[in-house]
Amino acid sequence: MAAYLHVGNMDGFCVGKSCGASAIFDKIGFTATTTQQIWADHPEKVLGCSRDFVEQNPVTARALVMALLDASRIINANDENK
């Protein structure tokens, strides 16, 4: 992830493990916020898009959100059935 950030293939990322630390160590990135600060005890990941992306790709942006909602419903239903 840090390598893609370094060469300009992405503007940012949200990951665990060492990728964030690598970007900070290489001085090509920073931690804007932690996901726990966004939503305490959250389901693990977040979807982030720039305003430009959403404005230029409204159908894709909506499809991404809907796919995450659908996946969350499936996961929730599976958890309730255990």
ask   = Under 6 Å by Cβ, and 6 or more places apart or on different chains, what pairs join a residue from region 23-50 that is hydrophobic (A, V, I, L, M, F, W, C) with one that is assigned to a loop (DSSP other than H, G, I, E, B) and surrounded by 10 or more Cβ atoms within 10 Å (Cβ to Cβ)?
value = ALA23/GLY29; VAL46/CYS14
key: Pick from region 28-82, criterion polar (S, T, N, Q) and under 15 Å from the mean Cα position of the chain (by Cα), ranking: least open to solvent (accessible area, probe 1.4 Å)   = THR35
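To keep it simple, each residue is scored yes or no on (1) at pLDDT 85 or above; (2) part of a loop (DSSP other than H, G, I, E, B).
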{"residue": "GLY8", "(1), (2)": "yes, yes"}
{"residue": "VAL15", "(1), (2)": "no, yes"}
{"residue": "ALA32", "(1), (2)": "no, yes"}
{"residue": "VAL54", "(1), (2)": "yes, no"}
{"residue": "THR60", "(1), (2)": "yes, no"}
{"residue": "ALA63", "(1), (2)": "yes, no"}
{"residue": "MET66", "(1), (2)": "yes, no"}
{"residue": "LEU69", "(1), (2)": "yes, no"}
{"residue": "LYS82", "(1), (2)": "no, yes"}
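The values are calculated or read from the model by the stated rules, or taken from the named source; none is laboratory data. Just so we're clear, the structure is a prediction, and the values are computed from it rather than from any experiment. Glycine gets a Cβ as well: all are built from the backbone with ideal geometry, and neighbour counts include every protein chain shown. Calculation scope for accessible area: heavy atoms of the full protein, side chains included, ligands and nucleic acids excluded. Shrake-Rupley method; radii C 1.70, N 1.55, O 1.52, S 1.80 Å.
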